[in-house]
Every structure is written in C-alpha cells, then in structure tokens.
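J.: Following this message is one structure expressed as structure tokens.
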Amino acid sequence: MKVEIGPEQPDDKFQSANDTYNEADVLLADWFKDVNDQVVYLYDFGDNWIMMLFYSEGKVLAKMPESGENEIISLKAYSKPKEVKLEVSELDLKRAKKLANQIPATIEFAVTHLDIPVQEDHGGRPAFPALVVAADHAQGIAFFQDLLYDSTDIRLLQSQLIKMLQLTEGIPEKIMMDKKTASTMEPLVKELHVNVEVSKVLPHIQEIIKGIEDSI
C-alpha cells in the first residue's frame, strides 16, 4: 500500500496515482496499529531521503539513513498529539484582553505551510516555512502575513493571533480557522472569548497561497 501525505493542493495542482491525505488531518502515528508495524517513509525535498519507521512501546521510531551505525531515534513530532497549552506570556495576554471592543468583521486566519523549500542558513537542509495569514472574508484582502521557520513553537504561533488582533484593534465577530490552526489557538481563544468557526475551506487564504507559489 502506498499513500502520500502533504500540504493540501488547491485545484488539484498535482495529480497522483496514490491515495493522498492532507497533512493537517492525519499523523504518521495513525498508520501504526500494532507493535512491530513498519513502513518505508520517503521524505522528499528532491533528494528522495528514505527512512524505515516502526512502532514500539507507544513510540514511532526511525532507522536513520547514512548514520553509519543504524541509529534509531524517536520521532517525537509524530507521536500522538498532546493537549495544547496556553504558552503566551502573561504580559501579552493582558495586552490582548484590553482589546475588548468587537469588530463587525469575519476574518480568515491560518498557519499553513508553503509548498516551497527554503534554506534559512546557507548550506542547511531546505525546509518548508510556515506562513501565517489573515484576510478579511468579505473583502478578500490580506492584512497580516508572517513567515515562520519554527512551526513547532506554540508560544510563537499563539502570539501571531495576538498580533493579528492588535492590527484589527478589537475582536472580530468571527474568525475562521482550519482544524489544525484552531487546535493550536484553542487555549488562547478561550481566554479571549473569540468566536471561532472551524472550516475546511478558507477561500481567500487559499487564493493568497496559490498566488505566492505561482509567482515563485
């Protein structure tokens, strides 16, 4: 059985003969059901880097290629997700809570990945940076963008929502988010009493991302 897991591709940008899954909806850990289950993982930045993954004692482990010693490491990032906690500082939270007035607007907000490999350091391994975008749902205008090279830093991700709210100078009537973004922001959303609608489709953000990728 061969499947592909990656960023959602709008408008069938890339056709594949294999079953495809959106990386926002599945985890590598989901493919391991029993002890000693194994898969071959093709990690493709253009160099076809292959790892053997297997499941043992509740962890997904990887046999690293080219290590010389058949090194085994734990892929903590691909374990079952833990509950996301509120990570922003008390000062940032206090400032955000001062934005009490409600703005009559619906905002699309997402943390997603560009399908463009970028080298942050010369000679380093390329990575797909995270793009944070906010757009007015009615007007289709993006008013907030930021590029992040560490999409695992929850404090950094949650602070992006606060920055966006500071730009609007209030709390929008509704903020539309994809499932993954909403999960990351949930503790902050509860603290700020933000009305969030989880949506699979964020039309203006998808258009913005497509425009960026097409321009490269």
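The values are calculated or read from the model by the stated rules, or taken from the named source; none is laboratory data. Just so it is clear, the structure is predicted and the values come from calculations on it, not from any experiment. Ideal geometry is used to build each Cβ from the backbone, glycine not excepted, and the neighbour counts take in all protein chains shown.
J.: Looking at residue 159, is it over 16 Å from residue 107 (Cα atoms) and in a loop (DSSP other than H, G, I, E, B)?
T.: no
J.: Could I ask something else about it? Count, please, the residues in segment 134-168 that happen to be within 16 Å of residue 192 (Cα to Cα) and either surrounded by fewer than 16 Cβ atoms within 10 Å (Cβ to Cβ) or over 15 Å from the mean Cα position of the chain (by Cα) (or both).
T.: Filtering segment 134-168 down to residues within 16 Å of residue 192 (Cα to Cα) leaves 155, 157-168.
From what is left, the residues that are either surrounded by fewer than 16 Cβ atoms within 10 Å (Cβ to Cβ) or over 15 Å from the mean Cα position of the chain (by Cα) (or both) are 155, 162-168.
Of the residues in segment 134-168, 8 are within 16 Å of residue 192 (Cα to Cα) and either surrounded by fewer than 16 Cβ atoms within 10 Å (Cβ to Cβ) or over 15 Å from the mean Cα position of the chain (by Cα) (or both).
J.: Same structure again: Exactly one of (1) assigned to a helix (DSSP H, G or I); (2) free of Cβ contacts under 8 Å to residues at least 60 places away in the same chain is unmet by residue 186. Its number?
T.: For residue 186, the failing item is (2).
J.: List, please: which pairs have Cβ atoms under 8 Å, are six or more places apart or on different chains, and start with a residue in segment 189-216 that is at positive phi and end with one that is surrounded by 14 or more Cβ atoms within 10 Å (Cβ to Cβ) and of a type outside the set (Phe, Trp, Tyr)?
T.: What qualifies is 193/171.
J.: Hey, can you tell me all the residues within segment 169-200 that are at pLDDT below 95, surrounded by 14 or more Cβ atoms within 10 Å (Cβ to Cβ) and among the charged types (D, E, K, R)?
T.: 178, 180
J.: Return yes when residue 135 is under 17 Å from residue 113 (Cα atoms), at pLDDT 95 or above, assigned by TED's automatic domain parsing to the domain that holds residue 103 and touching a His at 6+ places or on another chain (Cβ under 8 Å) and no when it is not. Give the derivation first.
T.: Working: under 17 Å from residue 113 (Cα atoms): yes; at pLDDT 95 or above: yes; assigned by TED's automatic domain parsing to the domain that holds residue 103: yes; touching a His at 6+ places or on another chain (Cβ under 8 Å): yes.
The answer is yes for residue 135.
J.: Would you pick out the residues in segment 177-216 that are hydrophobic (A, V, I, L, M, F, W, C) and within 18 Å of residue 146 (Cα to Cα)?
T.: 177, 182, 185, 202, 205, 208, 209, 212, 216
Residue-wise test of (1) modelled with pLDDT of 95 or more; (2) among the hydroxyl-bearing types (Ser, Thr, Tyr); (3) over 22 Å from the mean Cα position of the chain (by Cα).
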| residue | (1), (2), (3) |
| --- | --- |
| 74 | no, yes, no |
| 77 | no, no, no |
| 82 | no, no, no |
| 88 | yes, no, no |
| 112 | no, yes, no |
| 125 | no, no, no |
